[in-house]
1. Of (1) surrounded by 16 or more Cβ atoms within 10 Å (Cβ to Cβ); (2) of a type outside the set (Ser, Thr, Tyr); (3) over 23 Å from Ala124 (Cα atoms), Arg199 satisfies all except one. Which?
2. Looking only at the stretch 142-164, how many residues end up being open to solvent by 80 Å² or more (accessible area, probe 1.4 Å) and under 30 Å from Asp96 (Cβ atoms)?
3. Does the stretch 141-150 contain any residue that is touching an Asp or Glu at 6+ places or on another chain (Cβ under 6 Å), closer than 30 Å to Ala243 by Cα and either at pLDDT 90 or above or in a helix (DSSP H, G or I) (or both)?
4. If Lys239 meets every condition in (1) surrounded by 10 or more Cβ atoms within 10 Å (Cβ to Cβ); (2) basic (Lys, Arg); (3) farther than 25 Å from Leu163 by Cα apart from one, which number is that one?
5. Checking Leu206 against (1) touching a residue at least 60 places away in the same chain (Cβ under 8 Å); (2) loosely packed, with under 13 Cβ neighbours inside 10 Å: exactly one of these is not met. Which one?
6. Can you list residue pairs whose Cβ atoms sit under 7 Å apart, with the first residue in the stretch 85-100 being more than 21 Å from Asn172 (Cβ to Cβ) and the second being at pLDDT 85 or above? Count only pairs 6 or more apart in sequence or on different chains.
Amino acid sequence: MDGYVEKDAADADGDRPKPPADPLTGVPGTAPPIPPADPADRADTGIMALSLPYQVVLAVALAVVGVFACLHLAMVFLHVAPSNTLTKQHGQAVDDWVYPEFEQNWKLFAPNPLQQNISVEVRAELAVPDGARRTTGWIDLTAQDIEAIRHNPMPSHAQQNELRRAVDFYLNSHSDDDTPSGLRGRLSEEYMRRIAMLRLDALPALAGPDGRALTGEVRRVQLRAVTRAVPPPRWSSEKIDTAPSYRDLPWWPVTDADRPTGSDRSRTEAGR
């Protein structure tokens, strides 16, 4: 019985891991101990791996980004917050920051979404070669966008929203009699004119109300918003008047800066 116990103990000792042997003598358990790693030999990672000048530049950049983020959050908070002492004293500064780069729009979450289709049309007054003035027929700019979006899996942001946002910009910065409210109103007029001129310049030809082609230089443009109520579904008993209503905007004279080639020339001259 004792022999078996001793044999089992010997087998157990044989299963235990043996200490490493000295590479020179080959004697087990005499290998020299491994010295601990020197912290100075460890490679720095992250920002500490950069040289001191780059560390300073990165720290300054992070500080600037952090200050900008805090300032932006504060401005947006004041913009959407109820009227208070700060907004009363610095409301213009808050509006200048938020508009137009960071415009807020909550129509997606409105309890009563828009139930109207608004299209934008334009006509132009041309100075024809004989010296007379001729007016084109109304050109549906929204229909051009719809045609470009239809069957297009990836329509551009301009095709989807440029005209709609331009009309909202104009209506929100003008009174009912088309009086601009400060700088934003005048900027919206310039924006609308330049969109109209870009669209007219892209057309192969302009035609009068009778359909005849006209040639000449555009001197004035006029836009109008055509509003049509969305018809109810066929199963609904609701009665809605779908007749279009029109809001004609004033005639605006076209400047060189409004023309596509003129704006390029103005930027070139400004850079000289």
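1. (3)
2. Residues that pass the stated criteria total 3.
3. no
4. Answer for Lys239: the failing condition is (1).
5. (2)
6. So the pair list comes out as Leu86/Leu78.
Yes or no, residue by residue, for (1) part of a helix (DSSP H, G or I); (2) modelled with pLDDT under 85; (3) of a type in the set (A, V, I, L, M, F, W, C):
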site: Leu62; (1), (2), (3): yes, no, yes
site: Glu103; (1), (2), (3): no, yes, no
site: Pro113; (1), (2), (3): no, yes, no
site: Arg134; (1), (2), (3): no, no, no
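The values are calculated or read from the model by the stated rules, or taken from the named source; none is laboratory data. It should be emphasised that the depicted structure is a prediction, and the values quoted were computed from it without experimental measurement. Cβ sites come from the backbone with ideal geometry, for glycine too, and all protein chains shown count toward neighbours. Protein only, heavy atoms only, side chains kept; ligands, DNA and RNA dropped before computing areas. Shrake-Rupley method; radii C 1.70, N 1.55, O 1.52, S 1.80 Å.
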